[in-house]
Amino acid sequence: MSGAVADTSEWVEYLANRPAPAFRQWLESGGIILTPVVALELTSGARNREEQFVIEDLLGDLRMHECTFHHWARAGELRRTLRAKGVSVSSLDAQVAQSALDLDVPLLTRDAVFWKIAAHTSLKLTSPIT
């Protein structure tokens, strides 16, 4: 599957009219893949009902990564493996990273925790400056 997963940090910049060129390119080409966790974080972060509608309208047309039980089990294993190596990540960040790993696509992010995950996995990252 081609495309890219975008972390919440990239979406926040996009919604503030400061998108990275790579994010804008993937979004305009229809290549952004949404994860359940990112959808949750973005919709729960809406400051009012109007903003919530805008976010839901924007996200509603994107491809959603369908997460089976086995995906969640792999995300848990990722988190346990990283913790054993001294890298602490949240369950939510582990799920986002695991989505990109499962789909074998890059993760667009500005969050340093994903660079730590990438140092111990095959996670491919795209920096905001690209």
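Bear in mind these aren't lab numbers, they're just calculated from the coordinates by the rules spelled out. Not measured: the values here are computed from a predicted model. Methodologically, a virtual Cβ is constructed for each residue, glycine included, from the backbone with ideal geometry; neighbour enumeration extends over all protein chains shown.
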Cut-off 11 Å between beta-carbons: net charge of the residues surrounding Val89, Lys and Arg +1, Asp and Glu -1: +3
What list do you get for Phe23, Phe53 if you sort them by fewest beta carbons within 10 Å? Phe53, Phe23
Helix-only mean residue ellipticity at 222 nm, the chain, DSSP H runs n ≥ 4 weighted -39,500 (n - 2.57), per residue, nearest 500. What is it? -16500 deg cm²/dmol
Peptides 70-81, 109-120 ordered by average Cβ neighbours within 10 Å, highest first: 109-120, 70-81
Env charge @ Ala73, Cβ radius under 13 Å, K,R +1 / D,E -1, value +1
Across the stretch 35-100, what fraction of all alpha-carbon pairs, as a whole percent, falls in each successive 5 Å bin from zero upward? 3, 17, 23, 17, 15, 12, 8, 4, 1
Contour minus Cα-Cα span, Glu56 to Ser91, at 0.36 nm per residue, comes to 10.3 nm
Largest-first principal axis extents, alpha carbons of the stretch 4-126, Å: 43, 27, 22
What is the packing order of peptides 37-49, 96-108, taking the mean over residues of other C-beta atoms within 10 Å and listing the highest first? 96-108, 37-49
